[in-house]
1. Suppose all protein chains stay in the model; what accessible area per residue would a 1.4 Å probe give for the chain, in Å²?
2. May I ask you to derive the relative contact order of the chain, considering only C-alpha pairs under 8 Å and at least 6 residues apart, and to give it as an integer percent?
3. Where does the Debye-calculated log10 I(q)/I(0) of the stretch 204-259 sit at q = 0.15, 0.17, 0.20 Å⁻¹, using only Cα point scatterers of equal weight, no solvent?
4. For the stretch 39-122, which trypsin sites (Lys or Arg not before Pro) are both in a DSSP coil and crowded by at most 15 other Cβ atoms within 10 Å?
5. 5 Å is the cut-off here: which amide hydrogens, built 1.01 Å from N in the peptide plane, fall below it relative to Ser487, excluding neighbours closer than 5 in sequence?
6. Heavy-atom accessible area of Asp323 with all protein chains present, probe 1.4 Å, nearest 10 Å²?
7. Give me the compactness ratio for the chain, meaning the Cα radius of gyration over 2.2 N^0.38 Å.
8. Excluding same-chain residues fewer than 8 positions from Lys361, which lysines have a Cα within less than 23 Å of its Cα?
Amino acid sequence: MATKSIEIPDTIEVKHPLDPLTPDELEQVIAIVRRETSIDERALFETVMLQEPDKSVVRAFRDSQAIRRDAFVAVQDRTAGKVFEGRVSLDDDRLVSWEYLPGVQTRIINEELEEMAALVKVHPDFIEGLRKRGITDLDKVNVENMTQGNFGTEEEATRRLMRAHAFYVETPGDNPHVRAIDGLVPVVDLNEMTVLRVEDFGVKPIPPETGNYQSESQEQLRAAPARLDITQPDGPGFQVDGQLVTWENWSFRVGFTPREGMVLHTIGYRDGENDRPIIYRASLTELVVPYAETANDYFRNHSFDLGETVFGTCVNALTLGCDCLGEIHYLDVHIANGRGEVVRYPNAICMHEEDYGVLWKHTNPITHQTVVRRSRRMVVSSFYTVGNYDYGIFWYFYQDGTIEFEAKLTGILYCGAVEDGQPTAYGRMVAPNVNGMIHEHYFNVRLDMEVDGPDNAVVEVEADLVPTGPDNPHGNAHGARETLLESETQAARDIKPELGRYWKVINRGRTNRMGGHTAYKLMPEANIKPMHQPGSPFMNRAGFVEHDLWVTRYAEGEDFPCGSYVSQSLGGDGLPKWTRADRSLKDEDLVLWYTMGVFHVPRLEDFPIMPMEYTGFKLKPLGFFDRNPALDLAPPHKK
Ligand code: CU
């Protein structure tokens, strides 16, 4: 995956207030923080990113106006055991604020994990535990991490903890995640960088199979499929100017933050002479994977891949012809690593067009004339490797005004080891002695909406069934019931597929040609309910999974559904807390938070590497346009 590099890139011009911090700016921020605070060399930078300006500044901005640049910084001061947040003015070259945040931990930073793996490997109790399992060669041990969570103990409240889970790797390049050295768990204080203890839950056999998936591991490769070239001899149909992308009638800005990865800003549609705003900001804001297994310390396993990991640093460098096919435009991203070095991630964001079959069609039965238009979609995507899993985050734009979010899931199952014949109630055997543990993946996407402007409202729509009776003598009547969601507690909602329930974001200050309010609807797909019990540590920490949809009134600092600091949290922050204020949602600046869950009972076919799974949702115009907005598409070329 990521062939990231530390190098001094060319100076990048800032063209817009939402442009991510450039390498020069990142370096300036780091220098200011080092100069003006008392953090020492051991301190780690969790996040250095643009402090996004006020929406009013963005909305009023015109090309070539002066741009003020501010930065946000979060630092894990390991020596002091403290977390600090800072604001930096790049224009004034100074620290504007520096605040100690008591009682929280930053996300886990890659450099800590590297140090932890090296530390664990030389600990005598770990080496003794390996010897009990017949392993003496430390080069064959892959040390991974599993977050501690918070189950209410004293050390969870006071220390920065991480648990090491190890896997046997017989030959370099073997699958590093499938041969669990089960039950041997060093517990590390990351601030002190000391092994507190090595827990041993008992020896299990090392699974015999390598679980390799590279072509060299196959006895025979099938013939390559027939050649399929995707070419655009005249180049792609989209334009890229810095972070600004325009395609068909769409325009949006592609951003990136260390905490969220790819972010889309100011998504709008050119409708005749008007640029019509739809979404101010869209990003993935949580990805949590809770497991069902009760054995050993596996009950703790509910890693928040966004809330506890610096997700952006997991982004892959993509390869043309492999990850992406066709006429591709890539964007690089730049992130300050834990040590404050600027790292370039080349080809992190992929943009291209895809043919998507037929968009609309009719054959006139009288004239026999067929009129057909093909669908083209614009794809903006990036991939992230978080431990054993690999996630694709995809946004699609269509010519009929549809926006689609899709998460793709692949990579390697999280596997424990079991005895021959040992029952696995909360997992499935996927290879000899390999227990693929049952789990879920919950994605949360934050949609800061601005349908035709900042003031929006949300209406729930579902089928309204009418009992047979005097008003419905033939039993066919059914309407669509519309309910305005007036406040935040009322707007914590769940899907209801049998009634076709969806939600529309409307602008009550704008009407379409039939007198309705212009709107976009959020169309849910299959989803799951929480599988963990109410009051469990997971449910306390990930309260957002209780509902598929939440709507909040925009407020600065309400960026993540579990709050800004999730590591070792007891829960309580984020959506459940904010919405207790029950703010009015009528004609306000609204944020939609949509949660998608995938129930993953491992299959034999998911081993040794998992074919892609998908989940997502669509946003479709609903009376936003006065008619099919793709009537004006040119006819396709007949061949
Ligand atoms: Cu899974």
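1. 44 Å²
2. 13 percent
3. -0.78, -0.80, -0.87
4. Listed in order of number, the matching sites are Arg42, Arg62, Arg68.
5. Counting only residues 5 or more places away or on other chains, the set is Leu585.
6. Surface open to solvent at Asp323 totals about 80 Å².
7. Relative to the rule-of-thumb radius for its length, the chain sits at 1.01.
8. Cα-Cα hits under 23 Å: Lys618, Lys620, Lys638, Lys639.
The values are calculated or read from the model by the stated rules, or taken from the named source; none is laboratory data. These numbers come from a predicted model, not from an experiment. Quick reminder, even Gly has a Cβ in these numbers, built from the backbone with ideal geometry, and neighbours come from all protein chains shown. Keep in mind that these areas ignore ligands, DNA and RNA; they rest on the heavy atoms of the full protein, side chains included. Shrake-Rupley method; radii C 1.70, N 1.55, O 1.52, S 1.80 Å.
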